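Visitor: Sharing a structure below in structure tokens format, with a few things to ask.
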Amino acid sequence: MRKIYKILCALAILSSAPLSAHAATLVFSPFSGDYAGTTLVLTINVASEDQAINAASGVVVFPKDLLEVTSLSKNGSIFNLWVHEPSFSNSKGTINFEGIVLNPGFTGSSGKILTVTFRIKGAGEAPISFASGSILANDGLGTNILRGFGKAQFTLHWVPKIIPQIVSPTPTSTLDVV
């Protein structure tokens, strides 16, 4: 009888545990496309629909032979404070960010972190991904609830900027009429 009581207690405790684990992801928008021209604009977002977050960080990698970061914009970001200002290295092909969301934190499917503007340097397939990252829950413990990274894949059709040439007028010869 005592054994049955222990089993029932254990089942009661296990059945009261949440059925879904809290999960959050770092993603890109857009995540694919064909681009012809000179620029590509990409947004880095966080998705955490079932638990509030209060911090996130990440390192994004991009093909440095095809893309070059020209600007990072924090306009419209869910982050209120930056532990380290967002930065990039075109020579390494990396973007770094680390920010904080004040209470009550962020919950939702698409919280904007940064907007990245790239200059397209060449044609080809351009994968963009996260090398590392973390998303911390607003649970007082700083629990890392990162469960995955989004990836992006772009087909680039480079269009060189055409610089108009200034053409000097050709002097016309005058004929001497006799």
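Visitor: Does any residue of region 54-67 turn out to be hydroxyl-bearing (Ser, Thr, Tyr) and either open to solvent by 30 Å² or more (accessible area, probe 1.4 Å) or assigned to a loop (DSSP other than H, G, I, E, B) (or both)? Talk me through it step by step, then tell me what you get.
Guide: Taking region 54-67 as the starting set, the residues that turn out to be hydroxyl-bearing (Ser, Thr, Tyr) are 57.
The next check asks that each one be either open to solvent by 30 Å² or more (accessible area, probe 1.4 Å) or assigned to a loop (DSSP other than H, G, I, E, B) (or both); those that pass are none.
No, region 54-67 contains no residue that is hydroxyl-bearing (Ser, Thr, Tyr) and either open to solvent by 30 Å² or more (accessible area, probe 1.4 Å) or assigned to a loop (DSSP other than H, G, I, E, B) (or both).
Visitor: Can you tell me which residue in region 25-37 is most open to solvent (accessible area, probe 1.4 Å), limited to those that are assigned to a strand (DSSP E or B), modelled with pLDDT under 95 and not charged (D, E, K, R)?
Guide: The initial filter retains those residues of region 25-37 that are assigned to a strand (DSSP E or B), namely 25-29, 32-37.
Now narrow it down to the ones that are modelled with pLDDT under 95: 32-37.
Filter once more, keeping what is not charged (D, E, K, R): 32-33, 35-37.
Details: SER32: 60, GLY33: 25, TYR35: 60, ALA36: 79, GLY37: 16 Å².
By that ranking, first place goes to ALA36.
Visitor: Go through region 94-126 and report how many residues are open to solvent by 70 Å² or more (accessible area, probe 1.4 Å), assigned to a strand (DSSP E or B) and not charged (D, E, K, R).
Guide: Result for region 94-126: 3.
Residue-wise test of (1) among the charged types (D, E, K, R); (2) touching a helix residue (DSSP H, G or I) at 6+ places or on another chain (Cβ under 6 Å); (3) closer than 23 Å to PHE154 by Cβ.
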{"position": "GLY33", "(1), (2), (3)": "no, no, yes"}
{"position": "THR43", "(1), (2), (3)": "no, no, yes"}
{"position": "LEU67", "(1), (2), (3)": "no, no, yes"}
{"position": "SER77", "(1), (2), (3)": "no, no, yes"}
{"position": "GLY99", "(1), (2), (3)": "no, no, no"}
{"position": "GLY108", "(1), (2), (3)": "no, no, no"}
{"position": "LYS121", "(1), (2), (3)": "yes, no, yes"}
{"position": "GLY124", "(1), (2), (3)": "no, no, yes"}
{"position": "ASP139", "(1), (2), (3)": "yes, no, no"}
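Visitor: I would also like to ask the following. Where the second residue is of a type in the set (Asp, Glu) and surrounded by 12 or more Cβ atoms within 10 Å (Cβ to Cβ) and the first is within 14 Å of SER134 (Cβ to Cβ) and lies in region 79-107, which pairs have Cβ atoms under 7 Å and are six or more apart or on separate chains?
Guide: Filtered contacts from region 79-107: VAL83/GLU98; HIS84/GLU98.
Visitor: If you check every pair at least six apart or on different chains, which have Cβ atoms under 9 Å apart with a residue in region 24-40 that is under 21 Å from ILE145 (Cα atoms) first and a residue that is open to solvent by 20 Å² or more (accessible area, probe 1.4 Å) and acidic (Asp, Glu) second?
Guide: So the pair list comes out as ALA24/GLU49; ALA24/ASP50.
Visitor: I've got another one for you. Any residue at all in region 73-82 that's assigned to a strand (DSSP E or B) and surrounded by 16 or more Cβ atoms within 10 Å (Cβ to Cβ)?
Guide: From region 73-82, those assigned to a strand (DSSP E or B) are 73, 81-82; that's our starting set.
After this cut, where a residue has to be surrounded by 16 or more Cβ atoms within 10 Å (Cβ to Cβ) as well, the list is none.
Checked region 73-82: no residue is assigned to a strand (DSSP E or B) and surrounded by 16 or more Cβ atoms within 10 Å (Cβ to Cβ).
Visitor: If you take the residues of region 38-53 that are surrounded by 13 or more Cβ atoms within 10 Å (Cβ to Cβ) and farther than 18 Å from GLY142 by Cα, which of them is modelled with the lowest pLDDT?
Guide: Among those that are surrounded by 13 or more Cβ atoms within 10 Å (Cβ to Cβ) and farther than 18 Å from GLY142 by Cα, it is THR38.
Visitor: Looking at SER132, SER91, which is the one that is in a strand (DSSP E or B) and either of a type in the set (S, T, N, Q) or crowded, with 17+ Cβ neighbours inside 10 Å (or both)? Spell out the reasoning first.
Guide: Working: SER91 fails: in a strand (DSSP E or B).
Criteria check complete, one pass: SER132.
Visitor: Still on this structure, I have one more. LEU156 fails exactly one of the following numbered conditions: (1) in contact (Cβ under 8 Å) with a residue 60 or more places away in the chain; (2) aliphatic (A, V, I, L, M); (3) over 24 Å from HIS22 (Cα atoms); (4) surrounded by fewer than 21 Cβ atoms within 10 Å (Cβ to Cβ). What is the number of that condition?
Guide: (4)
The values are calculated or read from the model by the stated rules, or taken from the named source; none is laboratory data. The structure presented is a predicted model; accordingly, all values stated were derived computationally and were not measured. Note: ideal-geometry Cβ built from the backbone for every residue, glycine included; neighbour counts use all protein chains shown. With ligands, DNA and RNA removed, areas are computed over all heavy atoms of the protein, side chains included. Shrake-Rupley method; radii C 1.70, N 1.55, O 1.52, S 1.80 Å.
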